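Any read-out appearing in this document is the output of simple, stated calculations on the displayed coordinates, not a laboratory observation. From a predicted model like this one, the values you see are computed outputs, not experimental measurements. Please note: Cβ atoms are built from the backbone with ideal geometry, for glycine as well, and neighbour counts cover all protein chains shown.
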């Protein structure tokens, strides 16, 4: 298929980044944009994210070959219902970008039943510290999972066509069932947000009686509560559109807490050790940790002094290397001192880095 | 007081680093070391961490003015009981380095009752990715909290004298009640370890039925489970020596999970929003986050492309600046792309960095 008209509703970080990604591989496509705020529309136009903008969602819908709803979950469902009453192009391809999938998919199947509409759910799994059209980034989804959940309205060609349109995002497309998506994300994302918020509330209340709670919290606690600072509105919608799975995880977790509490009460030295050691083993086996996984890399650990320009010195030695990340003070302890962790994309760079640093500095390099 | 004999039992990361810290300000002190493993004793001698070593704990005890027990909690209690039967110097100052304090303090008070022994509990709050005498580092405790818990055996001069001996550690000494120490650390460290391990076990079990659990886990989940990889033996001892406080935190947390579950069941949109938003507010007010806190700094966020040598370019611009840390991809999202976060020690360097980077690169810099 040649020229297409893509309509992106919602020109925030996600919608804007999707539009930029589409343009990268399809500069000939026309991209129309909707956003409620005038400022975002202006930024999107000025940055060339879209070709035309509107503040009236219905306005551009009839012109679109593909409609991408990149708005909050509730708004997504409202727009699906609105689209069902508009006169759209035959076989228009509609998708979304919501963090939960089952309720959106159900809304689409109900609204578009017996219409010449193709619909597939989408969850692009990336985000940013920043938000809004000004933060939109053509590389936001690079190597990120972009999950597609088929529906009764997904024909044989739907996913192939959408992936071709989105090829410029350089994402990792995965097709799974909407309900399964919601179950998996309840475990690795939605319920952990509940834990982080609850731990934060608990510590806040405890600090009222035990003041040093506010001061002694170190790396472990900081890491565990980081996502408690996420945007409350988004997470409220996520919990409410994934109720069953989240509630089930909560109940399951309470049982696990009872299990460890029983072991503590029984002074079951060996049982507690097994509990901790099993958790450790499982984590080490997850993709989160495995080489080749999206979040793991080839790491070196450099024992550096707390001095100015040490990192600069090391990076100069590593010039031209595929360095993925670096940080001080993070893994697996309360507060590490002076361990610079550098992550590489492959074993060759990792080995080369160790050699170069050890040959040219007095710092000791270890590989985990 | 002039020359002293310090006896450090346990020449691992903690004991070795304490010995090095003492030597920094007191090169004239004699430091004796005990360790079970011959290899650690050799390393400690070779690195000049100690002046003499033994594998017989009782052997050096009578010579010591100060005895520092830097061994696991159970061993600490066993050594306290052993010391009570040895002929020690009059008014010997004994302390430890355990992560829980009440049981150790009680053991000391019981064992040394009516003896000419001074005892104060210690918890140096630092650690490392690495362990053993080879990892000992004179700077390990720099700016770390070093908690002192007085006992019935702590005389007026005890804490002052110990702080003077440990001045070279450059730690932040704080004196609090042992029971209060254990309560505070149950909240910000011990119970979070239980959560991390439980969440990891839960996800591991869930992955057996829902395979993508192993793959979709991203930044938030990774951060929340990082400490699940801690050493099982140490955490077993911690839970067993801080039972009451940890069990109380577990029960309290289950009630909080019930609270949020009830809100989800009731579809209480506003209630869930308040829950998340309150957690967010509390975290933003904690020392963990505040400027001037031990774990927080003056940060800038640089929107960088995923290209080689970008970080090097930026660090060259920042040469000579008091850079504290830097990382990519961390705050407050599922997966950030291309945000380089750099932390500085003061506002002046932070402002200067923003100016220099914006003047010399095309990258946008934001300050949170």
Practice item. Please work out whether the protein assembly as shown counts as rounded, prolate or oblate from its C-alpha gyration tensor, where a ≥ b ≥ c are the square roots of the eigenvalues and a/c under 1.5 means rounded, while otherwise a/b larger than b/c means prolate and anything else oblate? Key: prolate
Practice item. Can you tell me the relative contact order of the stretch B:193-319? Whole percent, Cα pairs under 8 Å, sequence separation 6 or more. Key: 12 percent
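What number, in percent, do you get for the relative contact order of the stretch B:5-176 if the mean sequence gap of Cα pairs under 8 Å and at least 6 apart is divided by its residue count?
Working: 374 pairs, mean separation 44.6, N = 172.
Here the relative contact order equals 26 percent.
Take every DSSP beta bridge whose two residues both sit in the protein assembly as shown, then give the antiparallel share in percent to the nearest 5. Could you put the intermediate results ahead of the total?
Details: 38 of 84 bridges.
The answer is about 45 percent antiparallel.
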Exercise for review: State, to one decimal in nm, how far the label point of residue B:155 lies from the label point of residue A:86, with both points 7 Å from Cα in the Cβ direction.
Suggested key: 8.5 nm
Practice item. Put a label point 7 Å from Cα along the Cβ direction on residue B:63, then list its distances to the equivalent points in the other copies in nm, shortest first. Key: 8.9
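With a ≥ b ≥ c the root eigenvalues of the C-alpha gyration tensor of the stretch B:1-111, is it rounded (a/c under 1.5), prolate (a/b larger than b/c) or oblate?
Note, shape of the stretch B:1-111 comes out prolate.
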Check your understanding: If you put a point 7 Å past Cα along the Cβ direction, how far is that point for residue A:114 from the same point in each other copy, in nm, smallest first?
Key -> 9.6
Check your understanding: Which whole number of Å³ per residue matches the convex hull of the alpha-carbon atoms in chain A?
Key -> 187 Å³
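In units of 2.2 N^0.38 Å, what is the alpha-carbon radius of gyration of the stretch A:77-170? Before the final figure, lay out the partial values.
Working: Rg = 14.0 Å, N = 94, 2.2 N^0.38 = 12.4 Å.
That works out to 1.14 for the stretch A:77-170.
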Revision key, fill the gap. In degrees rounded to 10, the 0-90 angle between helix A:13-25 Cα long axis and the longest Cα principal axis of chain A is 70 degrees
Revision key, fill the gap. Expressed to one decimal in nm², the mean projection of the alpha carbon convex hull of the stretch A:116-179 is 5.2 nm²
Practice item. Taking 7 Å along the Cα-to-C-beta vector as the label spot, tell me the residue B:267-residue B:205 distance in nanometres, rounded to one decimal. Key: 3.1 nm
Study note, to complete from the structure: Over chain A, the sum of -39500 (n - 2.57) across DSSP H runs of at least four, divided by residue number and rounded to 500 deg cm²/dmol, gives at 222 nm -13500 deg cm²/dmol
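Per residue of A:237-249, count partner chain C-beta atoms within 10 Å of its C-beta, then hand back the mean as an integer. Walk me through the numbers on the way to the answer.
Working: counts 3, 1, 10, 7, 0, 1, 4, 1, 1, 3, 5, 1, 6.
Rounded to a whole number, the mean comes out at 3.
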Exercise for review: For helix B:347-360, report the angle its Cα long axis makes with the longest principal axis of the Cα atoms of chain B; keep it between 0 and 90° and round to the nearest 10°.
Suggested key: 40 degrees
Study note, to complete from the structure: Plugging the Cβ-Cβ distance of residue A:110 and residue B:248 into 1/(1 + (r/R0)^6) at R0 = 45 Å yields, to the nearest 0.05, a FRET efficiency of 0.40
Exercise for review: Between the label point of residue A:360 and that of the same position in each other copy, find the distances and list them shortest first in nm, with every label point placed 7 Å from Cα along the Cα-to-C-beta direction.
Suggested key: 1.9
Revision key, fill the gap. Taking Cα atoms, the helix B:73-83 axis meets the longest principal axis of chain B at an angle in degrees (rounded to 10) of 10 degrees
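Taking square-rooted eigenvalues a ≥ b ≥ c of the alpha carbon gyration tensor, is the stretch B:181-265 rounded, prolate or oblate, where a/c under 1.5 means rounded and, failing that, a/b exceeding b/c means prolate? Each step should come with its number before you reach the end.
Working: a/c = 2.32, a/b = 1.31, b/c = 1.78.
Note, shape of the stretch B:181-265 comes out oblate.
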Review point. Of B:80, B:104, B:264, which is the most mobile in a GNM of chain B whose springs link Cα atoms less than 10 angstrom apart?
Key: B:264
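Mean separation of Cα pairs under 8 Å and 6+ residues apart, divided by the residue count of chain A: what relative contact order is that in percent? Before the final figure, lay out the partial values.
Numbers: 587 pairs, mean separation 44.8, N = 368.
Rounded, it is 12 percent for chain A.
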Review point. Can you give the Kirkwood hydrodynamic radius of the stretch B:9-71 from its Cα pairs, in Å with one decimal?
Key: 11.4 Å
Exercise for review: Using R₀ = 60 Å, calculate the FRET efficiency as 1/(1 + (r/R₀)^6) where r is the Cβ-Cβ separation of residue B:345 and residue B:255; round to 0.05.
Suggested key: 0.90
